[in-house]
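To start, the structure under review is shown below, and the notes come after it.
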Amino acid sequence: MRILLTGASGAIGSQLAPQLAGEGHELRAFARNPKRITAGCFDKIVRGDVLSGEGLDEALAGAELAYYLIHSMEPSAAGEPFAERELRSAENFAAAAQRAGLRRVCYLGGLVPTDRPPSEHLASRLAVEQELLSSAPEAVALRASIVISAQSRSFRFLVRLLERSPLLPLPDWRDFRTQPIDGRDVVAYLKAAGLSAAVGGKLTLDVAGPDSVSYGQLIQRIAGAMLLSRPAVELPFSITPVASAVAASITGEQNELVGPLMEGLSGDLLADDAAARELFTVHLHRLDRAISHALREWEEIEPLAAR
């Protein structure tokens, strides 16, 4: 099978690529900067840009399966909101996929709350999902919460915050619950979603780890794995606009990323993953094992000052 992988240099794509290549498939990558792709298992790398549509027809030519793992909240030089750029990119990809006669597309998005309107970030992920579901006769959209891996920007943000902050202020969203998932399990789900013969038509599936925790508990679990003791200061209110700017400065991240992520912490974000577990056989890692594995992977690349 000829497979196109977008986002091949990202946290998930770089792990998924060797597994797909190991199955004997012809693997093609699509990237704005091919030099950022570290996996050496691609038969072809096509340079292009989904935002302009450049290179998409060449990349999708003859492909039966495509993974859409592109997501960017980087600031635009022209000041265009990230949600508009994300949707235009998805529209360009969907149009090219239809021209190419693509059979199946797989997308990784975010969990959507059922009891309140989604944040701007999650609403953007949902809009992209809906666009991609129309791009091929078989389409699978996986929705996940925080991904625990050494390359995950959300996880890296939390680690850097713990590493560099002497105190840990926890606003009122600390008690809301979510279900983080090991990056290895996300890769396993994506592989199954692309290759399984059980997939037919269009599917939207929640995927999650086996542990449900509050955001405060998640931070404390990461701190414990890092052998850190950070006094927690529980605040009875939300200070997202201020906190996101301060947290971005401490961690060296862009507030364009941190702000929208923190805005999404306004309630529980839990998964209904029964359908995914029934359809695909994925052996899920418990949260503490996922955190320990991610930190070990991190330390193989760069030291963590706190450990």
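Observations
- Members of region 84-94 found to be buried (at least 16 other Cβ atoms within 10 Å of the Cβ) and either in a strand (DSSP E or B) or out of contact with any Lys or Arg (no Cβ under 9 Å at 6 or more places or on another chain) (or both), listed by number: 85, 87, 88, 89, 90, 91, 92, 93, 94
- Test: residue in region 122-137 that is touching a Gly at 6+ places or on another chain (Cβ under 7 Å) and among the polar types (S, T, N, Q): no
- Qualifying residue in region 32-49 (condition: under 24 Å from residue 126 (Cβ atoms) and surrounded by 18 or more Cβ atoms within 10 Å (Cβ to Cβ)): no
- Single residue of region 96-119 satisfying the filter (surrounded by fewer than 16 Cβ atoms within 10 Å (Cβ to Cβ) and in a helix (DSSP H, G or I)) that is farthest from the chain's Cα centre (by Cα): 99
- Verdict on residue 138 being out of contact with any Leu (no Cβ under 6 Å at 6 or more places or on another chain) and at pLDDT 95 or above: yes
- Matching residues in region 256-288 - criterion: being in contact with a strand residue (DSSP E or B) (Cβ under 9 Å, 6 or more places away or on another chain), surrounded by 14 or more Cβ atoms within 10 Å (Cβ to Cβ), modelled with pLDDT of 90 or more and of a type in the set (D, E, K, R): 273
- One residue from 123, 144 being in contact with a strand residue (DSSP E or B) (Cβ under 7 Å, 6 or more places away or on another chain) and either small (Gly, Ala, Ser) or at pLDDT 95 or above (or both): 144
- Considering region 154-181, and only residues there that are hydrophobic (A, V, I, L, M, F, W, C) and closer than 18 Å to residue 270 by Cα, the residue that is surrounded by the fewest Cβ atoms within 10 Å (Cβ to Cβ) turns out to be 176.
- When residue 229 is tested against the conditions (1) out of contact with any strand residue (DSSP E or B) (no Cβ under 7 Å at 6 or more places or on another chain); (2) touching a residue at least 24 places away in the same chain (Cβ under 8 Å), the lone failure is (2).
- Qualifying residue in region 155-178 (condition: in contact with a Pro (Cβ under 6 Å, 6 or more places away or on another chain) and modelled with pLDDT of 90 or more): no
The values are calculated or read from the model by the stated rules, or taken from the named source; none is laboratory data. Just so we're clear, the structure is a prediction, and the values are computed from it rather than from any experiment. Note: ideal-geometry Cβ built from the backbone for every residue, glycine included; neighbour counts use all protein chains shown.
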